[in-house]
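Values in this text are rule-based calculations from the coordinates and carry no lab data. Only a predicted model underlies this, so the values are computations on that prediction, with no experimental measurement involved. Reconstructed Cβ throughout: ideal geometry from the backbone, glycine too, with neighbour counts over all protein chains shown.
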Amino acid sequence: MEVINTSGRRKTSVARAYVTKGSGNIEVNGRDYKEYFKTPTLHYYVTQSLKVSNALTDYDVKVNVAGGGITGQAQAIRLAIAKALVEINAELKKDLRAAGLVTRDPRMVERKKFGQRGARARFQFSKR
């Protein structure tokens, strides 16, 4: 099997995943994913696609991720790995879609509007 190259995005994070046959090593920006992401929740996000497809120890994954915060990065990695697994084995798509892992989350930060304090918040109103 050659290297499968896919990308995943979430908010402003972009992850590029390179998946090869291996023993289950996951490397993020040259470091082990447990070293890069400190919390168990983020570890779960990174390994979720592999767990759903029962392939946790079948593939080695190298990921380059940039932009956004750590949660967005972990979720971008999750999408990139899911896309790679579908490319390797199309039969997994049904299970991954049922778990909601193949769809890109389109939610982005709403822009701040002029004449207001934020996207929705207004400046304080004074009657007098």
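Testing the spin-label approximation: label points 7 Å from Cα along Cα→Cβ at ARG120 and ARG16. State their distance in nm.
About 3.7 nm separates the two model spin labels.
For PRO106, what charge total do you get from the other residues with a beta carbon under 14 Å from its beta carbon, if Lys and Arg give +1 and Asp and Glu give -1? Mind dumping the intermediate values first?
Numbers: positive: ARG9, ARG10, LYS11, ARG104, ARG107; negative: ASP105, GLU110.
Once all neighbours under 14 Å are counted, the net charge is +3.
Once both axes come from the Cα atoms, what is the angle between helix 70-88 and the longest principal axis of the chain, in degrees from 0 to 90, rounded to 10?
Approximately 40 degrees, to the nearest 10.
With 10 angstrom as the radius, rank ILE70, ILE26 by how many other C-beta atoms surround their C-beta, starting from the fewest.
In increasing order of surrounding Cβ atoms, one gets ILE70, ILE26.
Can you show me the helix-derived [θ] at 222 nm for the chain, built from DSSP H runs with n ≥ 4 at -39,500 (n - 2.57) apiece and divided by the number of residues, rounded to the nearest 500.
-10000 deg cm²/dmol
Set the Förster distance to 41 Å, then compute FRET efficiency between ARG111 and HIS43 from the Cβ-Cβ distance, nearest 0.05.
FRET efficiency, ARG111 to HIS43: 0.80.
Quick one: 3J(HN,Hα) in Hz for the range 14-25, Karplus 6.51/-1.76/1.60 with θ = phi - 60°, rounded, Gly and Pro as x.
10, 10, 10, 10, 10, 10, 9, 4, x, 10, x, 6
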